[in-house]
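Q: To start, I am sharing the structure in question, which I have written as structure tokens.
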Amino acid sequence: MTTRDMPAASPAPGPEPHAPGRHEFGPDFLWGCATSSYQIEGAADADGRVESIWDRFAATPGTIRDGSSGRVACDHYHRWPEDLDIGRDLGLSAYRFSIAWPRIFDGTSRAPNEKGLDFYSRLVDGMLERGLQPWATLYHWDLPQWLQDRGGWADRATVGAFVDLADALTRRLGDRVKHWITHNEPWCTAILGNYEGWHAPGIKDLRTALQVAHHVLLSHGQAVPVIRANVPDARVGISLSLHPLRPASESARDLAAMERHDGLRYRWFLDPLYGRGYPAATLAQLGDAVPVVLPGDLDVIAAPTDFLGVNYYFPETVADAPGHGPLDTRILPAQGETTAMGWPVAPQGLSELLARIARDYPCGSLYVTENGACYDDVVADDGAVRDVARRRYLMRHLAALRQAVADGVPVRGYFAWSLLDNFEWAEGYTRRFGLVHVDYATQQRRLKDSAAWYRAFLRADVD
Ligand code: IFM
């Protein structure tokens with residue numbers, strides 16, 4: 001997300017929001033929390049794990065706000081039973097996690113690393129023992145460095161390597177894991193990592209970024225039939241980070257800028273996934289930077305899926321800005337209420353976004369696979385973390401989700417981002433998104449007030 005320069009949080013004013021009850025979503029609605037491997041696991045050298053692009057990037061001075069890395073993070077690799085206990089005690093019905101590719105393939109052997117597979121197998125068993133439905137994401141940004149050394153996602157060979165990963169994981173876990181997400185937020189992989197360069201691998205080249213995006217989508221399309229072959233009852237999807245858009249003004253120039261931004265930020269991913277190819281106007285606007293697309297690629301990318309994961313954080317306000325970015329557009333800094341990331345707080349954007357997607361694409365079921373907020377949490381003398389603003393954020397976004405359900409949008413589940421405070425990429429440990437506070441010096445976990453509210457919401461039907 002390109003909001004690094006936005007101002008710090010402005011507090012949530014107003015009366016206590018009205019939150020829906022769990023029963024209003026129906027008994028089959030799925031409630032979870034999400035995490036990702038590099039952000040929580042740590043154990044960077046354990047059991048044959050090799051270097052990832054984030055290890056290399058974080059070791060480069062000036063890349064991470066506090067100079068930190070994910071080498072230790074929340075030490076979830078060793079503390080996962082405690083973390084899953086927390087998930088169970090909150091009353092979650094599902095837990096979304098991701099696979100660290102560098103634990104599975106080390107670049108020297110074609111065989112997967114059994115110790116890496118064993119870790120995820122134990123983790124999945126732990127979820128099932130606690131009544132948590134496992135939702136596995138195959139790629140949440142931690143590419144092995146050895147693959148980056150061969151060209152990374154810009155090299156078409158990485159597509160095949162990803163299919164090998166999908167094959168190994170679904171063979172090993174597919175008897176127990178039925179929900180598979182191929183990629184998390186391909187826009188971030190491509191644009192933040194390879195055009196803006198403030199995510200690993202830190203490349204700043206539009207052409208590379210668009211080729212990366214194409215290969216990521218292609219790898220999704222190639223992996224879908226492999227997952228289905230290995231797990232006949234699998235439900236397969238992909239998670240995109242999406243923003244509802246507003247024009248900076250009603251002027252024709254700002255409206256046109258919003259359309260251009262929409263072409264790259266939203267339709268560049270959704271259109272090919274649902275069989276429409278890349279948007280023609282955007283292809284023309286991008287000129288020489290467009291990716292190499294081989295015959296048949298677009299058919300592969302459009303492999304039928306069972307659901308779409310939507311990661312929602314905030315709407316973007318777009319202005320015409322000649323000479324700015326690939327499409328002469330600029331995202332304006334947020335006005336009004338914001339989180340500590342400087343991101344606008346706009347719950348209605350969630351219902352609006354879900355309705356638009358369901359209207360425009362045959363996406364089957366929708367799941368909110370991430371939604372959450374970062375605030376500057378403080379542990380009080382009594383040990384409490386009174387994160388009032390996050391609790392309110394959650395209540396208001398669940399009210400917007402309830403609205404989407406009432407409007408007939410086929411949204412079937414919600415995963416809060418995140419279960420734990422964790423390594424927030426280029427922001428290091430300076431940004432906390434967790435419902436559960438992590439003291440990184442002691443690794444102590446503490447439920448914040450937002451977690452207590454989510455638990456009360458989730459357990460209302462059973463208590
Ligand atoms: O922490 C990230 C996550 O890895 C991907 N989606 C957005 C979150 C908050 O920035």
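Q: Please verify whether region 428-445 includes one or more residues that are within 15 Å of the ligand (Cβ to nearest atom), surrounded by 20 or more Cβ atoms within 10 Å (Cβ to Cβ) and among the small types (Gly, Ala, Ser).
A: Checking region 428-445: at least one residue is within 15 Å of the ligand (Cβ to nearest atom), surrounded by 20 or more Cβ atoms within 10 Å (Cβ to Cβ) and among the small types (Gly, Ala, Ser).
Q: Consider Glu185 carefully, then state whether it is within 16 Å of the ligand (Cβ to nearest atom), over 28 Å from Ser109 (Cβ atoms) and of a type in the set (Asp, Glu).
A: It is true that Glu185 is within 16 Å of the ligand (Cβ to nearest atom), over 28 Å from Ser109 (Cβ atoms) and of a type in the set (Asp, Glu).
Q: Please go through region 96-121 and pick out each residue that is within 13 Å of Trp141 (Cα to Cα) and part of a strand (DSSP E or B).
A: Of everything in region 96-121, those that are within 13 Å of Trp141 (Cα to Cα) and part of a strand (DSSP E or B) turn out to be Phe97, Ser98.
Q: Then there's this: Quick one: count up the residues across region 357-387 that are farther than 14 Å from Phe415 by Cα, surrounded by 15 or more Cβ atoms within 10 Å (Cβ to Cβ) and β-branched (Val, Ile, Thr).
A: The number of residues fulfilling the criteria is 2.
Q: Please enumerate the residues belonging to region 333-363 that are more than 18 Å from Ala399 (Cα to Cα) and not in a loop (DSSP other than H, G, I, E, B).
A: Thr338, Ile357, Ala358, Arg359, Asp360
Q: Just to be sure, is Arg330 more than 15 Å from the ligand (Cβ to nearest atom), at pLDDT 95 or above and part of a strand (DSSP E or B)?
A: Considered against the rule, which asks whether it is more than 15 Å from the ligand (Cβ to nearest atom), at pLDDT 95 or above and part of a strand (DSSP E or B), Arg330 comes out as yes.
Q: Restricting attention to region 129-154, which residues are surrounded by fewer than 16 Cβ atoms within 10 Å (Cβ to Cβ) and either in contact with a strand residue (DSSP E or B) (Cβ under 7 Å, 6 or more places away or on another chain) or under 21 Å from Glu185 (Cα atoms) (or both)?
A: Gly151, the sole residue that qualifies.
Q: Right, next: Conditions: (1) without any contact (Cβ under 8 Å) to a residue 12 or more places away in the chain; (2) closer than 23 Å to Thr182 by Cα. Leu273 meets all but one. Number of the miss?
A: Leu273 satisfies all of (1) without any contact (Cβ under 8 Å) to a residue 12 or more places away in the chain; (2) closer than 23 Å to Thr182 by Cα except (1).
Q: Say we look at region 22-54 and pick out the residues that are touching a Lys or Arg at 6+ places or on another chain (Cβ under 8 Å), within 16 Å of the ligand (Cβ to nearest atom) and of a type outside the set (S, T, N, Q); which of these is nearest to Arg459 (Cα to Cα)?
A: Per the stated criteria, the residue is Gly32.
Q: Hey, another quick one. Return the residue satisfying two criteria in turn: it lies in region 407-427 and is in a strand (DSSP E or B) and closer than 21 Å to Arg455 by Cβ, and of such residues it is farthest from the ligand (Cβ to nearest atom).
A: Among residues in region 407-427 that are in a strand (DSSP E or B) and closer than 21 Å to Arg455 by Cβ, the one farthest from the ligand (Cβ to nearest atom) is Gly413.
Q: Look at Gly263 and say whether it is more than 16 Å from the ligand (Cβ to nearest atom), among the small types (Gly, Ala, Ser) and either free of Cβ contacts under 8 Å to residues at least 40 places away in the same chain or under 16 Å from Gly309 (Cα atoms) (or both).
A: Judged against the criteria, Gly263 is not a match.
Q: Got a sec? Which helices (runs of 4 or more DSSP H) wholly within region 251-316 have at least 1 residues that are hydroxyl-bearing (Ser, Thr, Tyr) and modelled with pLDDT of 95 or more?
A: By residue number, 280-286.
The values are calculated or read from the model by the stated rules, or taken from the named source; none is laboratory data. Bear in mind the structure is a predicted one, so any value in this text is a computation, not a measurement. Cβ coordinates were reconstructed from backbone atoms using ideal geometry, including for glycine residues, and neighbour counts include every protein chain displayed.
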